[in-house]
There are 2 protein chains.
Amino acid sequence: MDRDPLPSWRDTPTRAAITRFVERVTGPGGVPLAERVAVFDNDGTLWSEKPVPIQADFLLRRLGEQVVADPSLVDRQPWKAVAERDHAWFDAAMTEHYEGDDTRLNTMAAGLLGAYEGISIEDFEAVAGAFLREGTHPTLGRRYVRMAFAPMVELLRYLEANGFTSYIVTGGGRDFVRPVSQEVYGIPPERVVGSSVALEYRDGRIVHTAELDVFDDGPAKPVRIWSRTGRRPLLAGGNANGDVPMLSWTAGAEPPGLALLVRHDDPDREFAYTAGADTALAEAAQHGWTVISVRDDWSRVFAD
Amino acid sequence: MDRDPLPSWRDTPTRAAITRFVERVTGPGGVPLAERVAVFDNDGTLWSEKPVPIQADFLLRRLGEQVVADPSLVDRQPWKAVAERDHAWFDAAMTEHYEGDDTRLNTMAAGLLGAYEGISIEDFEAVAGAFLREGTHPTLGRRYVRMAFAPMVELLRYLEANGFTSYIVTGGGRDFVRPVSQEVYGIPPERVVGSSVALEYRDGRIVHTAELDVFDDGPAKPVRIWSRTGRRPLLAGGNANGDVPMLSWTAGAEPPGLALLVRHDDPDREFAYTAGADTALAEAAQHGWTVISVRDDWSRVFAD
């Protein structure tokens, strides 16, 4: 007997739904190799996004450095929240965004978008990679590069072994994740799609500007997946309201694709929350998407 | 002895420059597989772009259909030029663009961008694919899907055999080329980067709008290559002024990449022109880029 390809998944209906789907795709009358495309959100789907998304920690530290360099910034948001270690301010910006109110998000974005203005793509790659390799999660104490959900990494390998090509489609920064995507997920940088500041070609170098190019969330996700791959995915994984269009588009194909929604319900091993995921959970219930319970479906959350 | 991988290339210094470069990349102290990225412009580099770019013929026919449906359009550009079969009007728009004047290009673009407003990505794929498979070049009499330069297709295969991953980076429409990229070039749709109208996710479908998303030309090309691949290419091929930033960025790497510039100097077998390529030819001479002469370097231009 072959070794179990999904050892961190308990023997539940969720696991059975995944393996049954993959067997249909790869079996007689299945899907040609070139069309076996899978897409995964990153924050909250492939790694933890609480107490704040990992990239928020990265950018908050940068804003802290800016306050040290220019103390007058301490009276303005988002620098004020950084100086006061007010994580809840940032958390609320994301929750309000998913509820349709972008006021706080825009204030936050203006500060964050400018945080690395003028840096070259090569220097940013080095800074982001070093942060992720050396930084530590504030409550779980693991290195950020060890924060990937072990069952999801197994799922990526299982799909790969079955001829799927997987892409990361993150609402977070594309160029933030790319430096570690191969070592953390086995996904090369060219298969990371995500949000980005506008880049500019200037004197033979490509540099970051302070302008948003794409916020890769909500209805932007299916558009970006098509733009990047020219394919409609067979399988999509997400966890939040911003993943609903990507999951709907995947599930709505003919024959239907597999939509996976990670539910964070394990306060002992990870986190328990539904803020920002309420619409997604309701859509999942209505359309019969496959909900992955961190507590029930995974025998372990992180690699040992 | 192995079969010659480049049978349509004459034994010239151009061919030697290419094979020497590839041998350096793949030899001792060479470049890891994952970093062997090559990028190619499409119109004028991989297939002919005269008397008008193939996509222009596609869009002109569509505009002609619109004039039939609404004869009042005949007094306005670009429909007027279509009704009067005034190819020179379109040709001048491109030449003026490369010379820095976008007045006519903008008038043209407004008409062309709206030509397929509201069409779904699947329907556009079918329409574009059928046009390219059934349409015939106006002076050479070949099917459009047979207009690829045979030596360049051989180069793509030669690079592939040497571990390179090649991308098409076209100033033309990404979704116009994708339906035939695999059969014409052996390049799958996910490795076609190019210009695009903005797409919109609407009621479970992705549709074309009439707004430009990206005009993938000039300094946009290096930015788009990075955005799509997360790599700086080792080798780039182009033919026009709009390819100069991509070629400069590639050639300017450390160690230097290989910049290839196709020179159209064969009026008997293809076309002879330098309009829109003058800056590129001057840059090539100044920086020692490898110029490919259609007349001298290729023993045949098209497949038999």
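The values are calculated or read from the model by the stated rules, or taken from the named source; none is laboratory data. For clarity, every value in this text was computed on a predicted model and none was experimentally measured. Please note: Cβ atoms are built from the backbone with ideal geometry, for glycine as well, and neighbour counts cover all protein chains shown. Accessible surface is based on the protein model in full, side chains and every heavy atom, while ligands, DNA and RNA are left aside. Shrake-Rupley method; radii C 1.70, N 1.55, O 1.52, S 1.80 Å.
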field: Residue that is nearest to the other protein chains (Cβ to nearest Cβ), among those in segment B:200-213 that are of a type in the set (A, V, I, L, M, F, W, C) and surrounded by fewer than 18 Cβ atoms within 10 Å (Cβ to Cβ)
entry: B:L212
task: Would you please list the contacts, defined by Cβ atoms under 8 Å and residues six or more apart or on different chains, that run from a residue in segment A:241-257 that is touching a residue at least 40 places away in the same chain (Cβ under 8 Å) and of a type in the set (S, T, Y) to a residue that is assigned to a helix (DSSP H, G or I) and open to solvent by 20 Å² or more (accessible area, probe 1.4 Å)?
output: none
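Could you tell me whether A:R133 is open to solvent by 30 Å² or more (accessible area, probe 1.4 Å), touching a strand residue (DSSP E or B) at 6+ places or on another chain (Cβ under 8 Å) and facing chain B (nearest Cβ under 10 Å)? Explain how you work it out, then say what you get.
Values: open to solvent by 30 Å² or more (accessible area, probe 1.4 Å): yes; touching a strand residue (DSSP E or B) at 6+ places or on another chain (Cβ under 8 Å): yes; facing chain B (nearest Cβ under 10 Å): no.
In short, no.
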message: Conditions first: (1) touching a residue at least 24 places away in the same chain (Cβ under 8 Å); (2) in contact with an Asp or Glu (Cβ under 8 Å, 6 or more places away or on another chain); (3) surrounded by fewer than 20 Cβ atoms within 10 Å (Cβ to Cβ). B:V197 passes all but one, so which condition is the exception?
response: (3)
Subset of segment A:51-64 [open to solvent by 30 Å² or more (accessible area, probe 1.4 Å) and either part of a loop (DSSP other than H, G, I, E, B) or aromatic (F, W, Y) (or both)]: A:P51, A:P53
task: Assess whether A:G230 counts as being within 12 Å of chain B (Cβ to nearest Cβ), closer than 25 Å to A:A34 by Cα and open to solvent by 40 Å² or more (accessible area, probe 1.4 Å).
output: no
message: I'm told A:N162 meets every condition in (1) away from chain B (no Cβ under 13 Å); (2) surrounded by 21 or more Cβ atoms within 10 Å (Cβ to Cβ) except one. Can you identify the failing condition by its number?
response: (2)
task: Could you list, in sequence order, all residues of segment A:140-158 that are in a strand (DSSP E or B) and either under 13 Å from A:D41 (Cα atoms) or open to solvent by less than 20 Å² (accessible area, probe 1.4 Å) (or both)?
output: A:A148, A:F149
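Can you tell me which of B:A81, B:A115 is among the hydrophobic types (A, V, I, L, M, F, W, C) and not in a helix (DSSP H, G or I)? Give the steps one after another, and end with the answer.
Numbers: B:A81 fails: not in a helix (DSSP H, G or I).
The unique qualifying residue is B:A115.
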field: Enumeration of residues in segment B:106-127 that are open to solvent by less than 20 Å² (accessible area, probe 1.4 Å) and within 15 Å of B:I206 (Cβ to Cβ)
entry: B:S120, B:I121, B:F124
